[in-house]
Amino acid sequence: MIETGQREQDLDGHRARHETSQPRSEQRDQAQHRIRQCVAAAHAVIDIMREENLPERGQQLGDQLQARLHKLQARVPQLAEVRGQGAMVAAEFRHTDGRPDADFTKTVQARALAQGLILLTCGMDGNVLRFLFPLTIEQSVFEEALVILETALTAA
């Protein structure tokens, strides 16, 4: 059973919160202002993407990475699959019998890291490298990363 004093105290707290809160029209105006700011920011990002040709740049970088990985498949038998679209690229590693090769993947990751290249492993079995790079990366830096990747793959 709730005591009368506690119920009155709860009502007083509710009244105090209600009296200090903003009118609904003011809350609505603030929410609309925040939405307009978000939309303006999104449009600014889209404008920059268009001006700097970032979608095309992502496609070019992804194509370069995939071409390099496909070329390496002849020298790295564990490199079972190269897949991706645009800058979203992944390389899957398997044993020759088809089993996932997480150990090889971790070795490549460690060798690359030792040379300053951070690679992410993913996949249910931890046998996939996923590549994440900024679309604004300088070509010389991207080439350097490809050399480090190739070295790590062929030395693993």
| Which one, (i) 12.8; (ii) 9.5; (iii) 17.9, gives mean projected area of the Cα convex hull in nm² as derived from the coordinates shown? | (iii)
| field | Per-residue [θ]222 nm for the chain (sum of -39500 (n - 2.57) over DSSP H runs n ≥ 4, rounded to 500) | value | -20500 deg cm²/dmol
| said: Show me, for the range 143-149, the HN-Hα J-couplings you get by feeding each phi into the Karplus relation (A = 6.51, B = -1.76, C = 1.60, θ = phi - 60°), rounded to Hz, glycine and proline as x. | reply: 4, 4, 5, 5, 5, 4, 4
| said: Report the Cα centroid-to-centroid distance between the range 39-77 and the range 103-147 in angstrom, as an integer. | reply: 15 Å
| query | Non-local amide H neighbours of residue 95 (under 5 Å, H modeled in plane, Pro and chain starts lacking H): which ones? | reply | 101
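Only the coordinates and a few stated rules stand behind these numbers; no lab work does. This is a predicted model, so every value here is computed, not measured.
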